[in-house]
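The values are calculated or read from the model by the stated rules, or taken from the named source; none is laboratory data. Since the structure is predicted, the reported quantities are computational estimates derived from the model, not experimental observations. Using ideal geometry, Cβ is built from the backbone for each residue, glycine included, and neighbour counts are taken over all protein chains shown. Heads up: the accessible areas ignore ligands, DNA and RNA and are worked out on the full protein's heavy atoms, side chains in. Shrake-Rupley method; radii C 1.70, N 1.55, O 1.52, S 1.80 Å.
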Amino acid sequence: MKVVILSGAGLSVPSGLPLYENIKETPEYKQFQVADESELLKLIETIGYRYATFMPNQAHLECKYLETYCDSIGVEFKHYTLNIDDLIEKSGGSAIHIHGSIAEPNSIVSFKDIPSIDLFELKWEQNDILIVLGVSNTGFPLAAIEDNVLASGARFLNYNVMPNNETRTDTVLGDVVDTFRALDHNNLPQVEFIEVDLGYTVSQLECNIMGDEYIVYILPSTESDFSAERLKETESLIGMELDENCYEIKFDLKSNIENETPFERPKEPATRKQLNLLGRVISGLILSHSIDNEATVYTASAADKRLVSFYNLLAKRHVDRLEYDPWCGFGNDGVDYAFKKK
């Protein structure tokens, strides 16, 4: 299983770069097509000074978020781009530049006419995903690669400001800054939870959070360690009794589980970047799990009061994308949480 992004000029347009159709009409582009190697390198140097002023937009960041999510749960990820700008890398993501990168001028000379990779040689399997961002037919023959993807049972998703009349799959219309999000069940790979039978089913998944191994558990809330008081308060707050469609979220370091020291604080506290990534991973797992299980409520409890801020961040940044309403910081110690389907 793999997730592949193919991006074109439309990904960088919100950052101030022109559309491919407009680029083709510039004297610079026409000179680029006929220049010899020395002239080409001088032209790339001139372009490079201008490109250095451009900054990544939200869509670049969403690409990075999807990349780190896939890396964390062990799903292969590749981002191929037709763009020569380095905004993907500036955002913290990685990409394979089909026609070279402004950061490596010689690569543009090498791959100006012959691409660095033939995307039609990629092998697709069921459950793979190809996400196309801001690529027009004049930039790449999308219909042909779409046929390869769909024939294998993989998913083909196309985001652009204009519809594509040559592809069979409907285009998600709009600026990619507004339409593309990593936390969208269409863009997320299928999660293969390990299910453990304890008389009830516990779904668990190992994930790597920037070098630290965690295990995330999702179990029925009715089987969790609710005190009578916590159960009563939770049910009162969400306005319903917890049932078979309600689940508890737990996570812990893998080393704690192996050493039988549950929820023991790590020697080195998690960094802000790690907590942000962990929040995105948990949100993605909730999204995948909720679709497969028709979940109405997720509950959680912070083992350490210092994790209260983590759950608040999770609620503020991600829960709306999951279409859940959050309630945070209730209970005697203010460490209990509920997320209820809108």
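Here are some notes:
- Looking at segment 1-127, the pairs of alpha carbons with a distance over 19 Å make up 51% of the total.
- For His185, solvent-accessible area (1.4 Å; no DNA, RNA or ligand), Å²: 100 Å²
- The phi torsions of segment 263-277, fed into the Karplus equation with coefficients 6.51, -1.76 and 1.60 and a -60° offset, translate into couplings of 6, 5, 5, x, 4, 9, x, 4, 7, 4, 4, 5, 5, 5, 5 Hz, rounded to whole numbers, with Gly and Pro shown as x.
- With Cα atoms, 0 to 90° folded angle of helix 308-317 axis to the chain main axis: 50 degrees
- Segment 228-317 - Rg (one decimal) and Dmax (whole number), Cα, Å: 14.6, 40
- The GluC sites (Glu not before Pro) found in segment 32-126 that occupy coil by DSSP, while having at most 16 further C-beta atoms within 10 Å, are Glu125.
- Too-long pairs where the Cα-Cα distance tops 21 Å, listed order kept, from Lys78/Lys123; Lys24/Lys112; Lys273/Lys341; Lys78/Lys254; Lys64/Lys340: Lys273/Lys341; Lys78/Lys254; Lys64/Lys340
- Taking the average, over residues, of other Cβ atoms within 10 Å as the packing measure, peptides 78-84, 137-143, 23-29 rank 78-84, 137-143, 23-29 from highest down.
- Degrees, to the nearest 10: 37-51 long Cα axis against longest axis of the chain: 40 degrees
- When Rg and the Kirkwood Rh are both derived from Cα coordinates, the Rg/Rh ratio for the chain amounts to 1.04.
- Protection proxy ranking, highest mean first, for peptides 254-267, 205-218, 8-21, 277-290: 277-290, 8-21, 205-218, 254-267, where packing is the per-residue count of other beta-carbon atoms within 10 Å, averaged.
- Whole-number D in µm²/s for segment 77-189 (Stokes-Einstein; Kirkwood sum over Cα pairs; 20 °C, 1.002 mPa s): 142 µm²/s
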